[in-house]
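Participant: This is the structure I have questions about; it appears just below.
The values are calculated or read from the model by the stated rules, or taken from the named source; none is laboratory data. Here the structure is a predicted model, which means the values were calculated and not measured. Please note: Cβ atoms are built from the backbone with ideal geometry, for glycine as well, and neighbour counts cover all protein chains shown. With ligands, DNA and RNA removed, areas are computed over all heavy atoms of the protein, side chains included. Shrake-Rupley method; radii C 1.70, N 1.55, O 1.52, S 1.80 Å.
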Amino acid sequence: MIELSLLTALLAGLLGGVHCVGMCGGIVAAFSFRADGTHPPFRLHLAYNLGRVSSYVVFGALAGTLGASLKLAEFMPVQTLLYVLAQVVMILLGLYLAGFNQWVLVFERAGGTLWNRIKPLFQKLLPVKSVPQALLAGMAWGWLPCGLVYSVLVSALAAGSATSGAALMLAFGLGTLPNLLGMGLFARQIQPFMQQLWVRRAAGLTVAGFGVWGLLALIYSALSNT
């Protein structure tokens, strides 16, 4: 199932761009101009995003380690329960992206306290003038409370190991790169398209469909073993 989970995480990051436009638009705008009003070079945008994705990988490794420790507790149904939880969260995430609910905002509010502590450090790194500084700013950006990130972390929790959890969040992070790199370089052209209702609905329902697919695969496997 890990291949399916990696594909789901990759597509969740890619299709979740409809959420990223609103959630990270202000930060990307802050990254998109130097103090003199000129645009920074592509290498700085790439460093921002590599820093952000590296934070996601750390989160995934920690979540995978926690999931593995739960399995070692010899509570037999835990693997199945975590898997079901991950698929349900993916369905709810898709419905959120499609505009049918606001449930992930609960995650974002919960992470707000931690972000308030990190935000001053993040602001001190602006304006960014070098690649190492951009990398650090991107790592801090990764701590922004985001329901999309937290939702995929549930799948990392179910991954069963630090390596699998890190790989899953890496796949998710890579999926977000086209949207967030594109926003940094072509924000005015991309934002109107991503905010169209049909785009949001198609992206969200596709993500939800992967969650449904995962649950159906589990049911089929259970019936085949009886």
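Participant: Does residue 88 qualify as being in a loop (DSSP other than H, G, I, E, B) and open to solvent by less than 80 Å² (accessible area, probe 1.4 Å)?
Facilitator: Considered against the rule, which asks whether it is in a loop (DSSP other than H, G, I, E, B) and open to solvent by less than 80 Å² (accessible area, probe 1.4 Å), residue 88 comes out as no.
Matching residues to (1) open to solvent by less than 20 Å² (accessible area, probe 1.4 Å); (2) over 23 Å from residue 44 (Cα atoms); (3) not in a loop (DSSP other than H, G, I, E, B):
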position: 123; (1), (2), (3): no, no, yes
position: 126; (1), (2), (3): no, no, no
position: 134; (1), (2), (3): yes, no, yes
position: 153; (1), (2), (3): no, yes, yes
position: 157; (1), (2), (3): no, yes, yes
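Participant: Only one of 147, 175, 165, 138 is in contact with a Gly (Cβ under 7 Å, 6 or more places away or on another chain) and either within 13 Å of residue 13 (Cα to Cα) or open to solvent by 30 Å² or more (accessible area, probe 1.4 Å) (or both). Can you tell me which?
Facilitator: It is 175.
Participant: Now for a separate question. Give the residue that is farthest from residue 54 (Cα to Cα), with candidates limited to residues of segment 91-109 that are touching a residue at least 40 places away in the same chain (Cβ under 8 Å) and open to solvent by 60 Å² or more (accessible area, probe 1.4 Å).
Facilitator: Only one residue fits best here, namely 100.
Participant: While we're on this one: Give the number of residues within segment 110-135 that are under 30 Å from residue 8 (Cβ atoms) and either touching a strand residue (DSSP E or B) at 6+ places or on another chain (Cβ under 6 Å) or in contact (Cβ under 8 Å) with a residue 60 or more places away in the chain (or both).
Facilitator: 2
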